[in-house]
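Novice: The following block contains the structure, expressed as structure tokens.
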Amino acid sequence: MEIKDEGTSEEGQHFLPAAQAIDPEDTQFTSIQKIPNEPQLEFILACKDLVAPVCDRKLNTAVQISVIHPVEQTPTRYSSTEIVEGTKDPLFLTGVTFPSEYPIYEETRIKLTVYDVKDKSHDTIRTSVLPEHKDSPPEVGRRFLGSASFQVGELLKSKEQLLSLSLRTSDGGKVVGTIEVSLVKMGEIEDGDTDHITTDVQGQKCAVAYECTAPDSVSGKDNLPLLNAVLKNPVCKLYRFPTSDNKWMQIREQMSESTLSFHIPKELISLHIKEDLCRNQELKELGDLSPHWDNLRKNVLTHCDQMVTMYQEILTELSKETGSSFKSSSSKGEKTLEFVPINLHLQRMQVHSPHLKDALYDVITVGAPAAHFQGFKNGGLRKLLHRFETERRNTGYQFIYYSPENTAKAKEVLSNINQLQPLIATHADLLLSSASQHSPDSLKSSLKLLSEKTELFVHAFKDQLVRSALLALYTARPGGILKKPPSPKDSAEETSPQDEPPQLRRQDSIPHHSDYDEEEWDRVWANVGKSLNCIIATVDKLIESDSHHKEAGGGGTSKDGDTEPSLEESITPHPKEDWYEQLHPLILTLKECMGEVVSRAKQCLTFVLLQELAYSLPQCLMLTLRRDIVFSQALAGLVCGFIIKLHTSLHDPYFLQQLHTVGLIVQYEGLLSTYSDEIGMLEDMAVGISDLRKVAFKITEAKSSDDLPVLTGRREHYVVEVKLPATVFESLPLQIKEGQLLHVYPVLFNVGINEQQTLAERFGDVSLQESINQENFELVQEYYSIFMEKMPPDYISHFQEQNDLKGLLDNLHQNIQAKKRKNVEIMWLAATICRKLNGIRFTCCKSAKDRTSMSVTLEQCSILRDEHQLHKDFFIRALDCMRREGCRIENVLKNIKCRRYAFNMLQLMAFPKCYRPPEGTYGKADT
Ligand SMILES: O=P(O)(O)O[C@H]1[C@H](O)[C@@H](O)[C@H](OP(=O)(O)O)[C@@H](OP(=O)(O)O)[C@H]1O
């Protein structure tokens, strides 16, 4: 298991070993001026006139960058450039960046060591936090050419922000060339907007030009507390790539963990415990039941109590992980971490290119939400739930069958009752207090609120389900035996086994019962409405007679028409009487009537829930657990994605409008194969993602320093409250400020790409992937229609000019229909559609480590090519740079403590070409 404490150093690129980490507050060294959340120092490198010790072949060079902290003498390896082949004047596309958290000062020395790489498959220029002398890898496949060093302060103060240093051999004698270090200030306008260096990159002349402005939407400074509370331990990389018009674009890649990885599962488990404890209590309060049902209830309660205990234990374990923000791929099977998403990160690419605005591209990368500890022997949720439901429907002679929709409805009504009853009681008390103050205005407004809530309450029971449940419960009480056989209509729907006890029925129908007074419920229920009407009429009369009294200076007259004649007498007010005295008994009646309705409805609906649990109890609870686990992982990712999207798009009024009128599309790219265990993972993932439709967001103003999101609700419906600082909150549209719920539309497209998928395509079955893609295509189309319908016409006409969404959707549909093998075009099109619709992007495979890394780097380079004019000859080099020295190789290191993608040659041969990593970056490791 690998859980890291917040702020502690880890083996990775950007953090010094604990012994070297220094408290920045307590230092005698000169800090580098910082912009919050921006890297402190960034530079790029180029060499000139390198001399090869032996002229056996052309040089293939790479630079290793090491840091010498002022109090230390030994260099610590920090990062490397890519290998540039066949030139003595290499210009490196991979730069160096030190994130804001890194302990670097003007006095820090940077050592640059140039190597000639003879054999890329044995490339050993590796980054680690180990001091250079410790465990130095053997010099297999490379030879040392020369090194140089400089103090950070020298670079910062240099005239042209450029140092040209001599590279010397290890004895410090012979000069073997020069290395140029150019400071990069991304997002700042340089004096004069063109070149500092013109150099030849493999025959391409490129002007190095840094001319850019960082728009607010990119920096989002007001909103930093929100992001800082959520993102942790960033890893940053810097690149420069040529554009098709031979200018440089700069790319910053960033990968951060999220505290939400642990925060959301903890919030969610607490809610499950609350929900289940409440249900267990309601089961206990169900009253007397006949022996069959009573035994069933006892059994259910024993199991349910055990489940609650288990959730409590998991929560206790997770609560010990204070400050954790990352679960590694190697911990995916750990029982106590099952609710935590695997390897969740924000993968961000920031682009600054000449003539174009700065742009940010975010993808959330995470292991497919799946129940690894429970395993996949019997498949995943999609199959298990379907099988369970079918069996339950066909085998229910121990219980009454309610469809999943009806069970969900029962839970919803129960939850509404639990919320509304105390609310109504509060409003009723407020009405009484307005009455005692004799204040007509306050009386009117209290009455308005009371009426609204009571109407909602009455409305909540307007469902056939309540009636059918009442009768079912009646028959389950001791002695509640049906005397009549079921009506022919009912028995046509359901055939009971011959030995079935007469009172046990299946299907959502109301059996007849001669002793059962069906109208009794109607009377009890209608009484709530009637007593509210009495209150309304009384208040009207009180206010009316009060105003008459004031106008006439004497007693008032009653007005006909508003009330039932029978009530008229009792509610005729006498102005001199106390308002409170008049209303108090009516309020008591309302509360009594409501209490009666609540007690009956709660019991009968709880009886419906008992049926859900009654069939195949342990499996039923294990399925709920599995679904909770998968949902928790999916939810943690979603909340992270939502907050980041909100943060980056807050300044865009159209985005905000889209957020509250349409909602956001959330697109998941799955790379799982439809073979062996990964079928089960995909089945889990598909349900987990579709369950996210039950989630809505609400934005509130942050009142305290605790900026983390808050979760409320129950299994059928959750609300995530995201808090924004007051200044930002104020600028939001009214609808959002008023707490309107913001919806999400999750969609999943999966295309297996590895050797397992080859097997599935040749000898197995790909129907799961095909149906998921088809179903989700329909969801995207649905979202697109709502988007077109609800966004303002001026926006839509501009949108249509810029994007051919219709064409992209048609193309996606054709690709899904085409049933081509490993048709990765499906994923590219789905991702493009999502980005154009301003959605949230996710990429997932089993561990979000190897295949995901190939996919996000490919996506990043494709965006650079399609949106930022990346020079076509540099597409593969850019891809190799990102895969060799970028954030994703750090992700692999972080997960398995080894900088190698876990692919062997055989696996790679099965991958579509553009998903294969560069030589020397892959190999078998213990994953
Ligand atoms: O078990 P071997 O034969 O080493 O195959 C690996 C695959 O090649 C990798 O693709 C898996 O990682 P991703 O799920 O991140 O792609 C990797 O997943 P893991 O890191 O969860 O073990 C392995 O399945």
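Novice: Just to confirm the filter: which GluC sites (Glu not before Pro) across the stretch 216-320 are DSSP coil and have at most 15 other Cβ within 10 angstrom of their Cβ? Display every interim value, and only then the final one.
Specialist: Working: sites: Glu253, Glu257, Glu267, Glu275, Glu282, Glu285, Glu313, Glu317; in loops: Glu285.
Here the GluC sites (Glu not before Pro) that fit, given the DSSP loop and packing criteria, are Glu285.
Novice: Could you order Ser704, Ser862, Ser328 by accessible surface area, starting with the largest, using a probe radius of 1.4 Å? If you can, show how the numbers build up before the last one.
Specialist: Working: Ser704 65, Ser862 25, Ser328 0 Å².
Descending order: Ser704, Ser862, Ser328.
Novice: Then there's this: Which order do Lys790, Lys703, Lys822 take by accessible area at a 1.4 Å probe, largest first?
Specialist: Values: Lys790 95, Lys703 170, Lys822 30 Å².
Correct descending sequence by accessible area is Lys703, Lys790, Lys822.
Novice: Considering the Cα positions of the stretch 355-407, please state its Rg to one decimal place and its Dmax as a whole number of Å.
Specialist: Both quantities, over Cα of the stretch 355-407: 20.9, 72 Å.
Novice: Only sites in a loop by DSSP and with at most 12 other Cβ atoms within 10 Å count here; which trypsin sites (Lys or Arg not before Pro) in the stretch 263-363 make the cut?
Specialist: Working: sites: Lys266, Lys274, Arg279, Lys284, Arg297, Lys298, Lys320, Lys327, Lys332, Lys335, Arg348, Lys357; in loops: Lys320, Lys327, Lys332, Lys357.
Here the trypsin sites (Lys or Arg not before Pro) that fit, given the DSSP loop and packing criteria, are Lys320.
Novice: So, one more: To the nearest Å, what is the center-to-center distance of the stretch 230-309 and the stretch 31-83, using C-alpha atoms only?
Specialist: With the stretch 230-309 and the stretch 31-83 each reduced to a Cα centre, they are spaced 42 Å.
Novice: Quick one: Cα centre-to-centre distance for the stretch 852-927 and the stretch 582-616, in angstrom?
Specialist: When both Cα centres are located, 60 Å separates them.
Novice: Please report the accessible area of Asp245 (heavy atoms, 1.4 Å probe, ligands and nucleic acids excluded) in Å², nearest 10.
Specialist: Here the accessible area works out near 80 Å².
Novice: Another one. Report the GluC sites (Glu not before Pro) located in the stretch 674-766 that are in a DSSP loop and have at most 16 other Cβ atoms inside 10 Å of their Cβ, or state none.
Specialist: Glu716, Glu738
Novice: While we're looking at this one, here's another question. Considering the convex hull of the alpha carbon atoms of the stretch 332-371, report its projected area averaged over all viewing directions, in nm², one decimal.
Specialist: Numbers: hull surface 12.9 nm².
Computed as one quarter of the Cα hull surface, the answer is 3.2 nm².
Novice: Further question on the same structure: Any lysines with Cα under 20 Å of the Lys453 Cα? List them, leaving off those in the same chain fewer than 8 positions away.
Specialist: Straight-line reach from Lys453, under 20 Å: Lys409, Lys411, Lys444, Lys462, Lys530, Lys591, Lys602.
Novice: Need one word for the stretch 771-844: rounded, prolate or oblate. Basis is the Cα gyration tensor (sqrt eigenvalues a ≥ b ≥ c); a/c below 1.5 gives rounded, then a/b vs b/c decides. Could you put the intermediate results ahead of the total?
Specialist: On the way: a/c = 1.98, a/b = 1.95, b/c = 1.02.
Here the stretch 771-844 falls in the prolate category.
Novice: Points 7 angstrom from Cα along the Cβ direction at Asp765 and Gln398: gap in nanometres?
Specialist: 2.8 nm
Novice: At 0.36 nm per residue, minus the direct Cα-Cα distance, what do Ser433 and Glu518 gain on full extension? Give it in nm, one decimal, please. Before the final figure, lay out each step's value.
Specialist: Values: separation 85, 0.36 × 85 = 30.60 nm, distance 3.82 nm.
That pair, Ser433 and Glu518, stretches by 26.8 nm at full extension.
Novice: Give Lys232/Lys737; Lys232/Lys894; Lys819/Lys913 a once-over and call out the pairs whose C-alpha atoms are over 21 Å from each other.
Specialist: On the way: Lys232/Lys737 28 Å; Lys232/Lys894 14 Å; Lys819/Lys913 19 Å.
Long pairs (Cα-Cα over 21 Å): Lys232/Lys737.
Novice: Taking Lys836 as the anchor, which lysines have their alpha carbon closer than 17 Å to its alpha carbon, excluding any fewer than eight residues away along the same chain?
Specialist: In chain and number order, the partners are Lys357, Lys645, Lys790, Lys806.
Novice: With r as the distance between the Cβ atoms of Asn228 and Val51 and R0 = 51 Å, compute the FRET efficiency 1/(1 + (r/R0)^6) and round to 0.05. It would help to have the intermediate numbers written out before the result.
Specialist: Details: r = 48 Å, r/R0 = 0.94.
With R0 = 51 Å, the Cβ-Cβ based efficiency is 0.60.
Novice: Among His717, His263, His345, what's the order by accessible area (1.4 angstrom probe), most exposed first?
Specialist: Descending order: His717, His263, His345.
Novice: Per-residue accessible area for Trp525 at 1.4 Å probe radius, Å² rounded to 10?
Specialist: Looks like 40 Å² after rounding.
Novice: If each residue of separation counts as 0.36 nm, what is the full-extension length gain between Thr390 and Ser547 once their alpha-carbon separation is subtracted?
Specialist: On the way: separation 157, 0.36 × 157 = 56.52 nm, distance 6.54 nm.
Gain on stretching Thr390 to Ser547: 50.0 nm.
Novice: OK, next. Between Asp441 and Glu592, what is the FRET efficiency for a Förster distance of 22 Å, r being their Cβ-Cβ separation, to the nearest 0.05?
Specialist: In this case the efficiency is close to 0.20.
Novice: As a test question: what accessible area, to the nearest 10 Å², does His386 have when a 1.4 Å probe is rolled over all protein chains in place?
Specialist: Here the accessible area works out near 130 Å².
Novice: Please give the per residue accessible area of the stretch 745-823, computed with a probe of 1.4 Å over protein heavy atoms only, in Å². Write out the running numbers ahead of the final one.
Specialist: Working: 4010 Å² over 79 residues.
I get 51 Å² per residue for this part.
Novice: Still on this model: Take the eigenvalues of the Cα gyration tensor for the stretch 678-793, scale each by 5, and report the square roots as semi-axes in whole Å, largest first.
Specialist: On the way: eigenvalues 279, 68, 28 Å².
Sorted largest first and rounded, they come to 37, 18, 12 Å.
Novice: Could I ask something else about it? With label points built 7 Å along Cα→Cβ from the Cα atoms of Arg477 and Glu405, find their separation and express it in nm.
Specialist: So the label points at Arg477 and Glu405 sit 3.1 nm apart.
Novice: Efficiency by 1/(1 + (r/R0)^6): what FRET value for Gln802 and Ser100, r their Cβ-Cβ distance, R0 = 30 Å, to the nearest 0.05? Let's see the in-between values first.
Specialist: On the way: r = 35 Å, r/R0 = 1.16.
Efficiency for this residue pair is about 0.30.
The values are calculated or read from the model by the stated rules, or taken from the named source; none is laboratory data. Since we're looking at a predicted model, the values are computed, not measured. With ideal geometry, Cβ positions are generated from the backbone for all residues, glycine too; neighbour counts draw on all protein chains shown. Protein only, heavy atoms only, side chains kept; ligands, DNA and RNA dropped before computing areas. Shrake-Rupley method; radii C 1.70, N 1.55, O 1.52, S 1.80 Å.
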